[in-house]
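This report concerns only the one structure given below.
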Amino acid sequence: MNSLRIIDLNERDSRLFSRAELFDYRGRLLVLPETWALSAIELRDVSDGVELKAKGLIGYLPLTSTIILNIRPKFPLGNLWRMLSVADESYDRVLPVLRTYERANALAPHQFLVRGFCHYLRRILDAGLYRGYHRKTYRGYFRSKVDFGQTVTRYLSRGDPINVSAQSFSFSAQLPVNAVLKSACLDCLRMMPHGEKWEEDRSLVMDALHALDSVPILSMRFGDEALSSTVPIWLRDHYRGALTVYAILLGYTQVGFSYDAQGSKMPSFLFCLDDIFEAFVRNSLREGLRSEKLSVVDGNKKAHQRPLFNDNKQFPIKPDAIIRRGKDVLAVAEVKYKHKITEEDRYQVISHVVATGAPVGLWISPALSEEKAGMTYVGAISTGAKFYHYRLDISSDLDVSRAAMVSAVSRIMV
């Protein structure tokens, strides 16, 4: 059996493969159907092989049965966790594949961990909760299986000939490992955002809580992941995975995005940097401009859309960010996760500015160095509206970069 090859690849970079690696002797493509359906890669025949290009997703992507792509962003991986914690990433691109994440001094996004916990919880419920024997202590009137030592010590020696101490065993789910699992379910349920994308996971956790109804709650302590070793072997990996993710959520174990063969095992996620960067910028502006009584809304949502033309509603505009004071639109912004703004991007923002009557149009894109970051004036059109391009530095401290962006955008508001 061929061993797995893990190939590191940066986002939107290309790599040359031989045809034998991606096609069998009959010419059939060996790329997994699930991977091909994600549209995460692009293949192109070249003279000396097949050129593969990673399109827009990052993560741990199985390519064939023997090749796995570890697609990484071009900016520091530590910044990815921070960006995810600010963005509205829904984590719906979870793969039925486990991978190991490095143990790093970083704080993983909570929703990322909740999705990982639900991955294991679903398998626990499919196989059935672990049930076993646990000891129960009884004190009171006579019952069989008397514990004579405890009875003499507690009662007979004190002149009580009636009461006894007895030990019995009960077969149920009321075990310490399930008590910790119940605590994890409650904590994850509190962290789940409302919305359709999380309904399935919310329903899953509620089913688990119903199954654990008679089980007491036991708060997890450092090292309680070891309780999974008490579970039968056919359930052990699922319990270990769920408790490991919960330990990371509580801060007992730390995890980073990089692949590490000896790291923490969790489900693999694919992230779309276009979506993450857009949500990160919009939420940063929303938080930063709130003190100036400015609101920032998502123009992709139907409630905030308006028609491009005055006499029909055939083509609604969808700006990535609309900055308003009350009902007055002060600026519209398009967020592009690319380093060059194209002619199409320029016309898009100009049309949005004309349709909304906004005095300011803005493009926001990433910069991979502090020297290239900052605000640039682009020009004005006949309506008097002015246009700017802001490059957000994502290579250094993101909180500092966010504050600089908010300050620069605030200064150009009319």
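Throughout, read-outs are computed from the coordinates displayed, never taken from laboratory work. Note that this is a predicted model, so its numbers are computed, not measured. As a convention, Cβ positions derive from the backbone with ideal geometry for all residues, glycine included, and neighbour counts pool all protein chains shown.
Quick notes
- So residue 349, is it among the aliphatic types (A, V, I, L, M) and in contact with a helix residue (DSSP H, G or I) (Cβ under 6 Å, 6 or more places away or on another chain): no
- Residue 229 fulfils the conditions (1) over 22 Å from the mean Cα position of the chain (by Cα); (2) touching a residue at least 12 places away in the same chain (Cβ under 8 Å) except for a single criterion, (2).
- Of everything listed in (1) over 27 Å from residue 382 (Cα atoms); (2) touching a Lys or Arg at 6+ places or on another chain (Cβ under 7 Å), the single unmet condition for residue 301 is (2).
- Filtered residues of region 188-208 (kept if farther than 21 Å from residue 250 by Cβ and not charged (D, E, K, R)): 194, 195, 203, 206
- Spans of strands (runs of 3 or more DSSP E) in region 332-414 with at least 2 residues crowded, with 16+ Cβ neighbours inside 10 Å: 360-367, 386-393
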